[in-house]
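Novice: I have a structure here, written as structure tokens, and I will follow up with some questions on it.
The values are calculated or read from the model by the stated rules, or taken from the named source; none is laboratory data. Small disclaimer: the values here were computed from a predicted structure and weren't measured. A quick note on method: Cβ atoms are made from the backbone with ideal geometry, for glycine too, and the neighbour counts reach across all protein chains shown. Calculation scope for accessible area: heavy atoms of the full protein, side chains included, ligands and nucleic acids excluded. Shrake-Rupley method; radii C 1.70, N 1.55, O 1.52, S 1.80 Å.
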Amino acid sequence: MARRRERRGEPSQDRRKERVGPETREEKLNDSDASERKLIGIFMLFFIIIPAVSVLVYVYKYGSGTKRLEPVITERGPIKTDINFQEILTENTNVAGNESQRNYDYPVLAYITPWNSKGYEMAKRFNSKFTHLSPVWYDLKSHGHSLILEGRHNADKGWISELRMRGNALILPRIVLEAFPTLLQKKKQMDKAIDLMVTECKEMEYDGIVLESWSRWAAYGVLHNPDLRNMALKFIKQLGHALHSVTSTRNPKQQLQLVYVVGPPHSDALQQHDFGPADLQSLSGSVDGFSLMTYDFSGPNNPGPNAPLNWIRFTLRLLLGSTGNNAQRLAPKIFLGINFYGNDFILSEGSGGAGAILGRDYLSLLEKHRPQLQWEKNSGEHFFVYFDDNNVRHAVFYPSLMSIYMRLEEAQFWGTGISIWEIGQGLDYFFDLL
């Protein structure tokens, strides 16, 4: 898949509890700031010694990928690792390129949430950058002995009409399956659930749906039971076939589509509840795409990068294998997850915690604390450390142009598409790269 951009140098290769970690870290700290150097050392050591993110085990078992440390020349200018806070504050609203021109030809799925109105505006402004748009609108719930699909009140028909006048992105609202898993054992309830979703697509003239159910089934214990697990896979297949039997009202030659949300494995050894390569293979004939949530790697108890590059590579290698026809066939169905949000971790002993931050929060922190940004090359992410008004230390990981660029290149290398959670949370100039 050709990429329409001029660049310099060789291309880069590359939710939730236990994870396989990145390689051994080499920190570049300010020699004049001994206390901060000590803090970063403690912080990175803490991250390394978490058993589930053992750096040494990862390097030994999976090897290392190439790193890009030199500036990359793109249409918007150089993208680099040695950035400062003032550059971000000055340039984040400057969209240098053509807002309708795509730099990659693989599929791009963008999520939009009703609680963050900026996403709706970004979807209209950069409409041509996306192939799929998924507003987070619906929940399928149990209601007594019946089922109900909630969320139509969120649907904005005017916004959809405007999107379709501006571009050709498919509209696939997300549906979260909250219903009790007993529906998997009752044919009438399975048929009812599928009928509710297909009927909504017809009546609202959607192009299909994005379904999220795997994490709910895992919480209910469904995936630990082999019989229930097979019923769950059967349900997804039946839903896919039902959607594919309906043609789009906008394009009679196009069937309604099903994109299925899956999480990355929790460890290097697949557990029964993990979505693995056999599941990918089994569902590939019924599902049009898999939205892979390769983010939320770190949390309050193990602060660190949002989505280390080596962990992303490991996840793709686990699902697809390294090479071969099977990987080439299945890779285009994967939407590799990229986060447009970040995390603000509390580092002080006994005060662990974290909070997700959006672009506006990130800019406020930069303006207030004027921090020195650090590049953590093994994870491929920028971060900085600051003290709040109560003299409590924090570490902030938030995407940068370089971190996003490297993940876009990773998708190009593997032959996947990308999915973005979510487009209202990022900075405007992120869209230059898409």
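Novice: List the residues whose amide H sits under 5 Å from the amide H of G380, counting only those 5 or more places along or on another chain, with H placed 1.01 Å from N in the peptide plane.
Specialist: Amide H neighbours of G380: L309.
Novice: Provide M231, M190 ordered by accessible surface of protein heavy atoms (probe 1.4 Å), highest first.
Specialist: Correct descending sequence by accessible area is M231, M190.
Novice: Using a 7 Å offset from the Cα along the Cα-to-Cβ direction at both N168 and K368, what is the distance between the two label points in nm, to one decimal?
Specialist: The answer from the label model is 4.6 nm.
Novice: Could I ask something else about it? Restricting everything to alpha-carbon atoms, can you work out Rg to Rh for region 184-236 with a Kirkwood hydrodynamic radius?
Specialist: Reported Rg/Rh, Kirkwood definition of Rh: 1.03.
Novice: Show me, for region 106-123, the HN-Hα J-couplings you get by feeding each phi into the Karplus relation (A = 6.51, B = -1.76, C = 1.60, θ = phi - 60°), rounded to Hz, glycine and proline as x.
Specialist: Couplings: 8, x, 10, 9, 10, 8, 10, 10, x, 8, 9, 5, 4, x, 4, 5, 5, 5 Hz.
Novice: Describe numerically, in nm with one decimal, the distance between label points set 7 Å from Cα along Cα→Cβ at A96 and at H153.
Specialist: Once both label points are built, they end up 4.6 nm from each other.
Novice: Per-residue HN-Hα couplings for region 228-235, Karplus 6.51 cos²θ - 1.76 cosθ + 1.60 at θ = phi - 60°, whole Hz, x for Gly and Pro?
Specialist: Once θ is set to phi - 60°, the couplings for region 228-235 become 5, 4, 5, 5, 5, 5, 4, 4 Hz.
Novice: Which entries in K188/K333; K202/K237; K192/K234; K124/K157; K118/K253; K80/K129 show an alpha-carbon gap greater than 25 Å?
Specialist: Over 25 Å apart, Cα to Cα: K188/K333; K118/K253.
Novice: Would you grab the residues whose amide H sits under 5 Å from the one on A110? Only those 5+ places off in sequence or on another chain, please, with H modelled 1.01 Å from N.
Specialist: Those qualifying (amide H under 5 Å, at least 5 residues apart or on another chain) are H132, L133, S134, I420.
Novice: Then there is this: Report the label-to-label distance for T247 and K187 in nanometres (one decimal), using points 7 Å from each Cα along the Cα→Cβ vector.
Specialist: 3.0 nm
Novice: Now for a different question. Per residue of region 415-425, in order, report the coupling 6.51 cos²θ - 1.76 cosθ + 1.60 (Karplus, θ = phi - 60°) as ³J(HN,Hα) in whole Hz, putting x for Gly and Pro.
Specialist: So the J values, rounded to whole Hz, are x, 9, x, 9, 10, 10, 10, 10, 6, x, 9.
Novice: Please work out how much accessible surface F383 shows to a 1.4 Å probe, ignoring ligands, DNA and RNA, in Å² rounded to 10.
Specialist: Solvent-accessible area, nearest 10 Å²: 0 Å².
Novice: Residues with amide H under 5 Å of G208's amide H, sequence separation 5 or more or different chain, H placed in the peptide plane at 1.01 Å from N; which?
Specialist: Q257
Novice: Per Stokes-Einstein, at 20 °C and 1.002 mPa s, what whole-number D in µm² s⁻¹ belongs to region 134-279, with the Kirkwood radius over Cα pairs as the hydrodynamic radius?
Specialist: The Stokes-Einstein estimate is 133 µm²/s.
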